[in-house]
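S.K.: Below is a structure I'd like to ask you about.
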Amino acid sequence: MNSNKQEPPRTRIWEVSRQGSTGNNAVGQQAEGAADETRSAARAAVEEPFSGQRGSGNTELRLETGARAADPGIREAAALLAGGGLVAFPTETVYGLGADARNTRAVEAVFTAKGRPSDNPLIVHIADRAELDALVLGVSEADRKLMDAFWPGPLTLVLPVRPGALSPLVTAGLDTVAVRMPDHDLALSLIRESGCPLAAPSANRSGRPSPTLARHVREDLDGRIDGIVDGGPAGVGVESTVVRTTAAGGAAVLRPGGIPAEDIGRVLGAPVSAVSAGEGADIDPAAAIAAEGAARPGEAAGRGGFAASEPSGAGEGAAGGREARAAAQGRGVERAAAEGGTGSGTESAADPALPGGSSPASADEAADAPAVADEAPRSPGMKYAHYAPSGRLEVVLGGEAAVAAAIRERLGAAAQRGERTGVLAFDEHLASYAGLADVTLSLGSAGDLREAASKLYAALRRFDEEGATFMLAEGCADSGIGSAVMNRLGKAAGGRISRV
């Protein structure tokens, strides 16, 4: 179990207040409403006041709340970014680690601080759509529809990058760049003040749960970066949805997130390829390959490498390129059995049709597409295991009674092995596990999966704080925001998802 003793921070921290969402995005407004309910409590309970002598010669700048007091902190943080520094900042999804996307040395420092593989592309954050002209070669009509509907907000679009506009490390050498406009006033102010498009992955060590509080950033990156803008809890709680539109006016979801695929389909009125939330893969491989072939005229199918790339071994039991290629040939993804005989059986990676005329690519279509070479993925979060706590996590799906019985049985077996156990469950089911686990945490109401999204990463980090070595989580419906929740749970569990 971690010690409660707090070491003085070595990274500068600016505590600033925010005025809320921009008001231009319904998702951002909903998330901000949820965050408002917990912000005061979170400040008192978990955001301990940092005070005293600072190490390494760095100092902390504490700001009084209010818009006028926030300006000096934002200006100082922006100056660091403009000078090639690294600053973590809040968005409506999670905290990001920002660097000037045009400065290769600064971007290289992001990879070093995070311990992130250099073939994993970064999302570029902008404050105004006019900035796109300098970064990308063009925007399709489908892209414009999605920008109109969801920007600013938790939607990232993969666009053709303008040669020489950004550091090649941002794009991992590809001919596309992922871009979004956050729905958070502090993030937008920081981007504008810095004068830089900000490359900003989540502000955590690679593989760790993403940070939804400034305290989480400090735990992972203190002394590794130049500053942290503390704007309170993030709202949505899971990262943005990453989308690449197709020549036919549809889209492929490369990573599920704050904007459900169903909503994207309704806006486009065209097919949106379905996402597989299992096995540490962010998109159904068959759908990905078929969508990439249709993405832009003249491009070879599978060129982007975002479907069947061989994942790293960071996640035990994660689906590898072998399973992905099997799915592309119409054979489905075979879930790897979990260590110790508690794994799931074989399930298809196909997803149900989505609203707006969307549906997964057929097996016949996928079989005609060539296998994808092992190269950089188009989107962050597509290739490597993420979000994992230190202990072993398993996810259980099924009917309420069957899930509760399976979790209770596995908790008993884990206790016999001497494990320190944890349960992550919905409020309606917490009584089923009373007194059976060392740590029992809530995902919120099963009737509002937005609450589960906002609580997930903090809960995974809490398990680490409590020293849990074996954890069980209830799964949820793989639709709407639940698709993002199940995707992150599946990755955190290294593919250990069982249906009972």
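The values are calculated or read from the model by the stated rules, or taken from the named source; none is laboratory data. Small disclaimer: the values here were computed from a predicted structure and weren't measured. Cβ: placed from backbone, ideal geometry, glycine included. Neighbour counts: every protein chain shown.
S.K.: If residue 224 satisfies every condition in (1) more than 17 Å from the chain's Cα centre (by Cα); (2) assigned to a strand (DSSP E or B) but one, which is the exception?
M.R.: Looking at each condition in turn, residue 224 falls short on (2).
S.K.: Of everything in the range 97-118, what is outside any loop (DSSP other than H, G, I, E, B), touching a strand residue (DSSP E or B) at 6+ places or on another chain (Cβ under 6 Å) and either under 17 Å from residue 220 (Cα atoms) or not β-branched (Val, Ile, Thr) (or both)? Give them in sequence order. Spell out the reasoning first.
M.R.: First, pick out the residues of the range 97-118 that are outside any loop (DSSP other than H, G, I, E, B): 97-100, 104-114.
Pick out the ones that are also touching a strand residue (DSSP E or B) at 6+ places or on another chain (Cβ under 6 Å) and you get 97-99, 106-107, 110.
Residues satisfying the conditions are 97, 98, 99, 106, 110.
S.K.: Please go through the range 82-92 and pick out each residue that is in a loop (DSSP other than H, G, I, E, B), touching a helix residue (DSSP H, G or I) at 6+ places or on another chain (Cβ under 8 Å) and either aromatic (Phe, Trp, Tyr) or over 15 Å from residue 228 (Cβ atoms) (or both). Show your work before the answer.
M.R.: Taking the range 82-92 as the starting set, the residues that turn out to be in a loop (DSSP other than H, G, I, E, B) are 83-86, 91-92.
From what's left, touching a helix residue (DSSP H, G or I) at 6+ places or on another chain (Cβ under 8 Å): 84-86, 91-92.
Correct list: 84, 92.
S.K.: Now, a different point. Counting only residues that are modelled with pLDDT under 95 and of a type in the set (A, V, I, L, M, F, W, C), which one in the range 378-433 is farthest from residue 455 (Cα to Cα)?
M.R.: 382
S.K.: Which members of the range 458-482 meet the condition of being in contact with a Gly (Cβ under 9 Å, 6 or more places away or on another chain) and polar (S, T, N, Q)?
M.R.: Result: 469, single match.
S.K.: Within the set of pairs 6+ apart or on separate chains, which have a first residue in the range 401-427 that is in the same structural domain as residue 452 (by TED's automatic domain parsing) and farther than 14 Å from residue 438 by Cα, a second that is assigned to a loop (DSSP other than H, G, I, E, B) and of a type in the set (Gly, Ala, Ser), and C-beta atoms under 6 Å apart?
M.R.: Matching pairs, first to second residue: 426/446; 427/445.
S.K.: Go over the candidates 395, 403, 485 one by one and state the one that is in contact with a Gly (Cβ under 9 Å, 6 or more places away or on another chain), buried (at least 18 other Cβ atoms within 10 Å of the Cβ), β-branched (Val, Ile, Thr) and farther than 24 Å from residue 234 by Cβ. Steps first, please.
M.R.: On the way: 395 fails: farther than 24 Å from residue 234 by Cβ; 485 fails: farther than 24 Å from residue 234 by Cβ.
The unique qualifying residue is 403.
S.K.: Also, quick follow-up: How about the range 161-213: which of its residues are among the aliphatic types (A, V, I, L, M) and assigned to a loop (DSSP other than H, G, I, E, B)? Steps first, please.
M.R.: We begin by selecting, within the range 161-213, every residue among the aliphatic types (A, V, I, L, M); these are 161, 165-166, 169-170, 172, 174, 177-179, 181, 186-188, 190-191, 198-200, 203, 213.
If the condition is that a residue be among the aliphatic types (A, V, I, L, M) and assigned to a loop (DSSP other than H, G, I, E, B), then 165, 166, 172, 174, 181, 200, 203, 213 are the ones that fit.
S.K.: If you take the residues in the range 135-160 that are in a loop (DSSP other than H, G, I, E, B) and in contact (Cβ under 8 Å) with a residue 40 or more places away in the chain, which one is nearest to the chain's Cα centre (by Cα)? Give the derivation first.
M.R.: Narrowing the range 135-160 to residues in a loop (DSSP other than H, G, I, E, B): 137-140, 151-154.
With the extra rule that they be in contact (Cβ under 8 Å) with a residue 40 or more places away in the chain, the set shrinks to 140, 151-154.
Details: 140: 25, 151: 18, 152: 17, 153: 14, 154: 10 Å.
So, considering only residues that are in a loop (DSSP other than H, G, I, E, B) and in contact (Cβ under 8 Å) with a residue 40 or more places away in the chain, the one nearest to the chain's Cα centre (by Cα) is 154.
S.K.: When residues of the range 427-445 are filtered for being surrounded by fewer than 20 Cβ atoms within 10 Å (Cβ to Cβ), touching a strand residue (DSSP E or B) at 6+ places or on another chain (Cβ under 8 Å) and more than 20 Å from residue 413 (Cβ to Cβ), how many remain?
M.R.: Counting residues in the range 427-445 that are surrounded by fewer than 20 Cβ atoms within 10 Å (Cβ to Cβ), touching a strand residue (DSSP E or B) at 6+ places or on another chain (Cβ under 8 Å) and more than 20 Å from residue 413 (Cβ to Cβ) gives 3.
S.K.: Continuing with the same structure: When the residues of the range 122-150 are filtered to those that are under 22 Å from residue 256 (Cβ atoms) and in contact with a Lys or Arg (Cβ under 7 Å, 6 or more places away or on another chain), which remaining residue is surrounded by the fewest Cβ atoms within 10 Å (Cβ to Cβ)?
M.R.: 147
S.K.: Sticking with this one: Within the range 204-211, does at least one residue satisfy the condition of being in contact with a strand residue (DSSP E or B) (Cβ under 7 Å, 6 or more places away or on another chain), more than 17 Å from residue 103 (Cβ to Cβ) and at pLDDT below 95? Steps first, please.
M.R.: Pass one, the range 204-211, residues in contact with a strand residue (DSSP E or B) (Cβ under 7 Å, 6 or more places away or on another chain): 210-211.
Then keep just the ones that are more than 17 Å from residue 103 (Cβ to Cβ); that gives 210-211.
In the following step, the residues that additionally are at pLDDT below 95 were identified as 210.
Yes, the conditions are met somewhere in the range 204-211.
S.K.: Looking at (1) of a type in the set (A, V, I, L, M); (2) surrounded by 18 or more Cβ atoms within 10 Å (Cβ to Cβ); (3) more than 21 Å from the chain's Cα centre (by Cα), which one does residue 413 not meet, given that it meets all the others?
M.R.: Going through the list (1) of a type in the set (A, V, I, L, M); (2) surrounded by 18 or more Cβ atoms within 10 Å (Cβ to Cβ); (3) more than 21 Å from the chain's Cα centre (by Cα), residue 413 breaks only (2).
S.K.: Identify all residues within the range 160-203 that are β-branched (Val, Ile, Thr) and either closer than 21 Å to residue 119 by Cβ or outside the structural domain of residue 147 (by TED's automatic domain parsing) (or both); write none if there are none.
M.R.: Within the range 160-203, the first condition is being β-branched (Val, Ile, Thr), and the residues that meet it are 161, 170-171, 176-177, 179, 191.
Residues satisfying the conditions are 161, 170, 171, 176, 177, 179.
S.K.: Moving to a separate point now. Considering only the range 231-253, state which residues are under 13 Å from residue 94 (Cβ atoms), aliphatic (A, V, I, L, M) and touching a strand residue (DSSP E or B) at 6+ places or on another chain (Cβ under 7 Å).
M.R.: Scanning the range 231-253 gives a single hit, 234.
S.K.: Within the range 428-464, track down each residue that is in contact with a helix residue (DSSP H, G or I) (Cβ under 7 Å, 6 or more places away or on another chain), closer than 18 Å to residue 216 by Cβ and in contact (Cβ under 8 Å) with a residue 60 or more places away in the chain.
M.R.: Within the range 428-464, 453, 454, 456, 460, 461 meet the criteria.
S.K.: What pairs come out if I take residues in the range 472-486 that are among the hydroxyl-bearing types (Ser, Thr, Tyr) and pair them with residues that are surrounded by fewer than 21 Cβ atoms within 10 Å (Cβ to Cβ) whose C-beta lies under 8 Å away, six or more apart or interchain?
M.R.: Matching pairs, first to second residue: 479/262; 479/352.
S.K.: Can you tell me which condition residue 181 does not meet? The list is (1) in contact with a Gly (Cβ under 7 Å, 6 or more places away or on another chain); (2) crowded, with 24+ Cβ neighbours inside 10 Å, and all the others hold.
M.R.: (1)
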